[in-house]
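Please read the structure below before turning to the comments.
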C-alpha cells in the first residue's frame, strides 16, 4: 500500500510540474491543482492512517499509537482542500479576466506565432 501511495504522489507531482512549465493559463491552473492533490496525499500519508481505528481516545483501550489514527493530518488535509478550492476559483477568475482583456490565454501575453 505504501508503494501505491508513494507512486501516486510521484505521478501527481511530476504531472503538476510538467503542466506548470507550459505557457497556457489552463495548463498552469491544472498543474497547481495536481500539486495541491499531491501535497494533500503526502500530508495524509504522513499521518499513518490506520484502517478501522478511532481517531479519539476511548475508555478501555490502551493509549498507544498503534490503537489510534492521528486526526491532525486529516484535519489539515480537509482545511487544505477548502483553501485550494478557493484559490483555484480566484485563479480561474483572474485567468478569465486576463483572457477577456488580452484575447489570449498565454501567460506571457503573446499570441502564438506572433513575433515579440
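The values are calculated or read from the model by the stated rules, or taken from the named source; none is laboratory data. The shown structure was predicted, so the numbers you read here are calculated from the model rather than taken from an experiment. All Cβ positions, glycine included, derive from the backbone under ideal geometry; neighbour counts span all protein chains shown.
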Residue pairs within 6 Å by beta carbon, gap of at least six or interchain, first lying in the stretch 11-31 and more than 22 Å from residue 104 (Cβ to Cβ), second surrounded by 13 or more Cβ atoms within 10 Å (Cβ to Cβ) and at pLDDT 90 or above, listed first then second, are 12/34; 12/37; 12/38; 13/38; 15/34; 16/31; 16/34; 16/35
Residue 15 fails exactly one of (1) in contact with a helix residue (DSSP H, G or I) (Cβ under 6 Å, 6 or more places away or on another chain); (2) surrounded by 12 or more Cβ atoms within 10 Å (Cβ to Cβ); (3) more than 24 Å from residue 76 (Cα to Cα), namely (3)
Given the conditions (1) over 18 Å from the mean Cα position of the chain (by Cα); (2) touching a residue at least 40 places away in the same chain (Cβ under 8 Å); (3) more than 26 Å from residue 98 (Cβ to Cβ), every one holds for residue 45 apart from (1)
